[in-house]
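*Asks:* The structure that follows is given in the form of structure tokens.
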């Protein structure tokens, strides 16, 4: 069962100078091997904490969120930062983006909120280019105190994430720790990662 969706009224918690200082988005982004020709989707982008820094590297960055208010905040943050992003409102079950058009989809502390995961993961497969990557970042260690009050992500077993992604048709690339989080990187099966 999905965790309760992060409330719009707490958007300031997701993108603020304090979070930027203690957990700069570039720290995660530097591990994603994104190039200047890549088309990237930040799914569950919220107010753009990762979206805007991604837009400084990638050829095209698309923020997808279920909340129109969060998308407005992300677009405003992008304008203030002097970068261009696209925004798409969606819960993930149907995303108005072309087939085989995306190099990387990032879900940073969002996977636990996705309600119809099998449909959403199928939609991601449709959008990803052959050998395109899906990166899921979730909290896998810690005491979970904040999550008891609905203010933070719940603790999820890394093995469960990997199992769900591989059952949905993704090929595991890496799983690595990052503080109390795990970064699970998978690929869409395609010509460049086939074994034959």
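*Asks:* Report, ordered by the first and then the second residue, all pairs with beta carbons closer than 6 Å, sequence separation of six or more or different chains, a first member in region 169-183 that is part of a loop (DSSP other than H, G, I, E, B), and a second member that is loosely packed, with under 14 Cβ neighbours inside 10 Å.
*Replies:* Going by the 6 Å Cβ cut-off, the qualifying pairs are 180/141.
*Asks:* If you go through region 24-37, how many residues are in a loop (DSSP other than H, G, I, E, B) and out of contact with any helix residue (DSSP H, G or I) (no Cβ under 9 Å at 6 or more places or on another chain)?
*Replies:* 6
*Asks:* Has region 155-168 got at least one residue that is touching a helix residue (DSSP H, G or I) at 6+ places or on another chain (Cβ under 6 Å), modelled with pLDDT of 95 or more and in a loop (DSSP other than H, G, I, E, B)?
*Replies:* There is at least one residue in region 155-168 that is touching a helix residue (DSSP H, G or I) at 6+ places or on another chain (Cβ under 6 Å), modelled with pLDDT of 95 or more and in a loop (DSSP other than H, G, I, E, B).
*Asks:* Look at residue 83 and say whether it is closer than 13 Å to residue 65 by Cα and surrounded by 15 or more Cβ atoms within 10 Å (Cβ to Cβ).
*Replies:* no
*Asks:* Looking at region 40-84, which of the residues that are over 22 Å from residue 111 (Cα atoms) and outside any helix (DSSP H, G or I) is farthest from the chain's Cα centre (by Cα)?
*Replies:* 82
The values are calculated or read from the model by the stated rules, or taken from the named source; none is laboratory data. Just so you know, these numbers come straight off a predicted model, no measurement behind them. Backbone-built Cβ (ideal geometry, glycine too); neighbour counts: all protein chains shown.
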